[in-house]
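Enquirer: Have a look at the structure that comes next, please.
Each reported figure results from applying straightforward, stated rules to the coordinates on display, with no laboratory input. These numbers come from a predicted model, not from an experiment. Backbone-built Cβ (ideal geometry, glycine too); neighbour counts: all protein chains shown.
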Amino acid sequence: MDQLIAFPEPDRAILAQRDALIAGLAKLLPADALVTEEDERRVYETDAFTAYRQLPLAVTLPRTTEEVAAVLRFCSRHGVPVIPRGAGTSLAGGAIPQQDAVVVSLARMNRILEIDTANRFARVEAGVTNIAISNAVGPDGFFYAPDPSSQLACTIAGNIAMNSGGAHCLKYGVTADNLLGVRIVLVDGTIAEIGDPVGDTGGYDLLGLICGSEGQLGIVTEATVRILPKPEGARPVLLSFDKSEEAGAAVAAIIGAGIIPVAMEFMDAQAIEICEAFAKAGYPAGAGAMLIIEVEGSDAEMDAELKRIVDIANKHNVRIVKESSSAMEAAAIWKGRKSAFGATGRIADYICMDGTIPTGRLPHVLGRIDEIIAEHGLRVANVFHAGDGNLHPLILHNANDPAEFRHAEEAGNEILKLCVEVGGCLTGEHGVGLEKRDLMTHQFTEADLRQQMAVRTVFDPDWLLNPAKVFPLELRNQPEAAARVA
Amino acid sequence: MSEAPRTLTPASEEEVAAVVSEAAAAGHRLGVEGGGTRHGLGRPIETDATLSASRLTGVVFHEPAELVIAAKAGTPVREIEAALAEHGQMLAFEPMDHRTLFGSDGEPTIGGVVAVNASGPRRVKVGAARDALLGVRFVNGKGEIIKSGGRVMKNVTGLDLTKPLCGSHGTLGFLTEVVFKVLPRPERSLTVMLGGLTDADAIAALSSALGSPFEPSGAAHIPANARVTEARTLVRLEGFSDSVDHRRAALAETLARWGATQTIEGNEADGLWRSVRDAALLSEARNAAIWRIACIPSKAADLAVEIASAFEVAHWFFDLGGALIWLAIEGADDAGAAAVRQALAHTSGHATLVRAPDAIRQSVPVFQPQNETVAALTRGLKQSFDPSCVFQPGRMYADI
């Protein structure tokens, strides 16, 4: 069975010149920074969107910005597509290569360059993991706020490419809100510094444009990020309900009362069951829905805020309130949620959706998701960021059954279209990548997309950077047309 | 300038699109205007007509439980703040009102706030207008209606055009509708104050406050030279009343090595923060040039002195913990541009000439000069949104 998402036809001329291109790259890089053997290239053929894979022409592992620039200059001159890669944890296929492309992996650019606690920023090479920044500034009492679930593995480069969020962005914002500057290599090898320590350059906000541009405007090699002082303390509470609607109403009432907890996570019955079986977190058996709400501050502040939250939950038929009285209990409450994807992966294959909806439409959307999944004869587990309406339905299926996989993909697409129909969007924090590329016309008009493409063309006139992603193929088979329009 | 250009007042997005298409076809240049309170910002421009948002008004929706409000671009900020206040909410980024500085009349609009990324002291805690902006609708220079972003808190679908639009001074497109994230109005706000500190000590104290877990929502220093009798260093705390009490006590301990703290709240404190937000402390010598300089806080005190020492009369104060210097210079032919640019040549920072006579803003760069790479990207962006240069020609840079 053909796969739902198509790759562009590889450029035969590039494939034919492979030996010469590799010889050219070899002159620019140390021997250990160029991967050409097929079995070693296999490592890079996909990311966390594993249903799709392509073997790249070659893989480069530069150690410096200058090496990245040399590779881009070379590829640019020879018209060879380039796929930037962080840790390869993209759930949307953002780092999946193509046969005629050279992968630029930032895995070796993983140094912390500068920590300035007086001015509250850190400067890092873009291949550092998200958690490494918090680990580096932790001893000084600081942390880096955006916390995608993959934070142990994912790189800041990938976070910038996708404008990643995380469980705590209800209070602290997403990557764009915490990024102060980047060093970026443009497609022709030019090295540029964009941004400033206060995020206020006075010109067009190029930094804001680069953040979330999915590796299509350039390759970020260094990042300056805001670091924040750690709170005095943090404490989660677990609330269980019989029905999803009650949990949803409690979330709305908490925000309506002027309370912005640092995180509000929702899990449905299926997700609770899967996570409890794996993590033994003490989640209530048989609950219809569960919220994990985290507050921060001094002990007295947390007591007061939790009391406000529990009082509201009581008005919405909360069944069980489980407060954590120790760091161990707090960790246990989070453990189940943070291992949701891994735990799900143990019982079935899954694809993870990432649409965002206006939170007021939650009951309607959850009901429709159940219907869509039932129509396709599948099962779904829902875990999501309730405060901001960012859904993560995990569609369970057997990937070895092509017909069932196709059903899962189709059900996923219907769910994402539903998110757009109710006023939301296709992706809240994972990015469009390959996965949602062909759905873009459901959220945007052709004029909207042409404007985005014209902006992309300013940075990458020949569309060499991560070219198979984000924009539907039929709109840009002739990228020069987009350039002419501009 | 010669006689005032005529003003066009379309009443719908479609009418805006038609007007812009026509202007593009005819090679006309359009100024853009919300409430007309910020005309002094940017370089002076000459246009064939002014496109006004005055008939594009009204809150489109406000969903308090979703923390979101959408409004037509010409809606007065006052109207939006009133709608939010009814539900105990606010535009958390505290948009600066430029009327004090420019002595202008009229009502600031929400579209104008987006066009200049108008933000205030709470930026240290919640970010700027650009961070709260969830979505925009606009008409580009080809007369096409474009949307970017949306109404939800988390959205990474496609290139985020809201970011370049915000702060583009109307040069990329004509905004028709904007959507903002809003926040609950704090139950209580109070300001912890230190007196008599030098600039360097004050900024060290502010850094210490901002590096504490007490989440200040304002951090400013007003030196004695800024037309006050004694230097005052201000740290604002906001939240639930019991929490604010706890944090005040804890912060006083953190700041103890810089002296004893005083506390003010209510109208006195609110007025003080409003004057910081609007740079009202410097507005009075009407002939003074006003600069807004973004820099690294630990360099701010030296930078202010270095620039000011070149002039007989200069006043300044610091906001955002020292990351922002507001500076007034009197009696310089070039508004002090040469001295400001020279000082910034050897330290990182960005200076904007906010207030100066037209002739000076015509002849010296108003925004921080860009290196060739960034300038080329800037020209490319302008070209991609507004290929025939319909909107605000020359407002930000002479060549675009």
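Enquirer: So what are the ³J(HN,Hα) numbers for the stretch A:169-184, from phi and the Karplus equation (6.51, -1.76, 1.60; θ = phi - 60°), rounded to whole Hz, Gly and Pro as x?
Expert: 7, 4, 8, 9, x, 9, 3, 4, 7, 10, 9, 9, x, 9, 9, 10
Enquirer: A follow-up question, please. Based on other C-beta atoms within 10 Å, arrange A:315, B:299 from fewest to most.
Expert: Ascending number of Cβ neighbours within 10 Å: A:315, B:299.
Enquirer: For the stretch B:280-363, what does the relative contact order come out to in percent, with C-alpha contacts under 8 Å and a separation of six or more?
Expert: Once divided by the residue count of the stretch B:280-363, the mean separation gives 40 percent.
Enquirer: Amide H to amide H under 5 Å from residue B:177: which residues, 5+ apart in sequence or cross-chain, H placed 1.01 Å off N in plane?
Expert: Amide H neighbours of residue B:177, under 5 Å, 5+ apart: B:73, B:137.
Enquirer: Taking every pair of Cα atoms in the stretch B:188-277, average 1/r, invert it to obtain the Kirkwood radius, and report Rg/Rh to two decimals.
Expert: Radius of gyration relative to Kirkwood radius: 0.93.
Enquirer: Extent of the stretch B:280-363 along each principal axis, from alpha carbon coordinates, in Å, largest to smallest?
Expert: For the stretch B:280-363, the Cα extents along the three principal axes come out at 33, 26, 21 Å.
Enquirer: With θ set to phi - 60°, apply the Karplus curve 6.51 cos²θ - 1.76 cosθ + 1.60 along the stretch B:32-49 and write out the HN-Hα couplings as whole Hz, x wherever there is a Gly or Pro.
Expert: With coefficients 6.51, -1.76 and 1.60, one gets 10, 8, x, x, x, 8, 10, 4, x, 7, x, 7, x, 10, 10, 9, 8, 7 Hz.
Enquirer: Going through the DSSP H helices of chain B, which span 18 Å or more along their own axis at the Cα atoms while scoring at least -1.0 as a mean Kyte-Doolittle hydropathy?
Expert: Long hydrophobic helices here: B:13-26, B:241-254, B:372-385.
Enquirer: For the stretch A:348-438, max minus min Cα coordinate along each principal axis, in Å, sorted largest first?
Expert: 36, 27, 20
Enquirer: A further question follows. Compute the normalised compactness of chain A: alpha-carbon radius of gyration over 2.2 N^0.38 Å, N being the residue count.
Expert: That ratio works out to 0.99.
Enquirer: Shifting gears a bit: So for the stretch B:1-142, averaging the separation of alpha carbon pairs under 8 Å that are six or more residues apart and normalising by length, what relative contact order in percent results?
Expert: This gives 25 percent for the stretch B:1-142.
Enquirer: So how tilted is helix A:362-375 from the main axis of chain A? Cα-based, degrees 0 to 90, rounded to 10.
Expert: Tilt relative to chain A: about 70 degrees.
Enquirer: Here is a further query. Rounded to the nearest 20 debye, what is the charge dipole size of chain A about its Cα centre when +1 sits on each Lys and Arg Cβ and -1 on each Asp and Glu Cβ?
Expert: That gives chain A a dipole magnitude of about 360 debye.
Enquirer: So what is the calculated 222 nm ellipticity per residue for chain A, using -39500 (n - 2.57) for each DSSP H run with n of 4 or more, over all residues, to the nearest 500 deg cm²/dmol?
Expert: -10500 deg cm²/dmol
Enquirer: List, in order, the whole-Hz ³J(HN,Hα) value for each residue of the stretch B:278-289 obtained from phi through the Karplus relation with A = 6.51, B = -1.76, C = 1.60 and θ = phi - 60°; use x for Gly and Pro.
Expert: Here the 3J(HN,Hα) series is 8, 6, 5, 4, 9, 6, 5, 5, 4, 8, 6, 7 Hz.
Enquirer: Further question: Going by C-beta contacts inside 10 Å, put A:352, B:166 in order with the fewest on the left.
Expert: Ascending Cβ contact count within 10 Å gives the list A:352, B:166.
Enquirer: Which cross-chain or sequence-distant (5 or more) residues have an amide H under 5 Å from the amide H of residue A:227, H modelled 1.01 Å from N in plane?
Expert: Result for residue A:227 returns A:121, A:122.
Enquirer: I would also like to ask the following. Tell me, what is the percent relative contact order of chain A, built from C-alpha pairs under 8 Å that lie six or more residues apart?
Expert: 15 percent
Enquirer: Per-residue Cβ counts within 10 Å, from other chains only, averaged over A:345-355: what number is that?
Expert: 1
Enquirer: If I histogram all Cα-Cα distances within chain B using bins 20 Å wide from 0, what percent of pairs lands in each bin?
Expert: 27, 57, 16, 0
Enquirer: So for A:266, A:143, fewest C-beta neighbours within 10 Å to most, what's the order?
Expert: A:143, A:266
Enquirer: A follow-up question, please. How many angstrom lie between the C-alpha centres of the stretch A:87-146 and the stretch A:368-420?
Expert: When both Cα centres are located, 30 Å separates them.
Enquirer: Related question: Amide H of residue B:60: which non-local residues (sequence gap of 5 or more, or other chain) have their own amide H closer than 5 Å, using H built in the peptide plane?
Expert: B:70, B:71, B:72
Enquirer: Quick one: helix A:269-279 against the long Cα principal axis of chain A, what's the angle to the nearest 10°, folded into 0 to 90?
Expert: Long axis of A:269-279 versus the principal axis of chain A: about 80 degrees.
Enquirer: Between the stretch B:163-229 and the stretch A:178-224, what is the C-alpha centre distance in whole Å?
Expert: 24 Å
Enquirer: What does the charge count near residue B:376 come to, summing +1 for each Lys or Arg and -1 for each Asp or Glu among other residues with Cβ under 13 Å from its Cβ?
Expert: -1
Enquirer: Now for a different question. How big is the stretch B:18-73 by Rg and Dmax over its Cα atoms, in Å?
Expert: 15.4, 47
Enquirer: Dipole of the stretch A:234-340, Cα-centred, from +1 at each Lys and Arg C-beta and -1 at each Asp and Glu C-beta, to the nearest 20 debye?
Expert: Once rounded to the nearest 20, the dipole reads 180 debye.
Enquirer: May I pose another question? Pairs A:417/B:181; A:335/A:469; A:243/A:338: which exceed 30 Å Cα-Cα?
Expert: Beyond 30 Å: A:335/A:469.
Enquirer: For the protein assembly as shown, report the translational diffusion coefficient in µm²/s to the nearest whole number, using Stokes-Einstein at 4 °C, 1.567 mPa s, and a Kirkwood Rh over Cα pairs.
Expert: 46 µm²/s
Enquirer: I'd like the per residue volume of the convex hull spanned by the Cα atoms of the stretch B:339-400, given in cubic angstrom.
Expert: Here the figure is 99 Å³ per residue.
Enquirer: Only Lys, Arg, Asp and Glu count, each charged at its Cβ (+1, +1, -1, -1), so figure out the dipole size of the protein assembly as shown about its Cα centre, rounded to 20 debye.
Expert: Computed charge dipole of the protein assembly as shown: roughly 660 debye.
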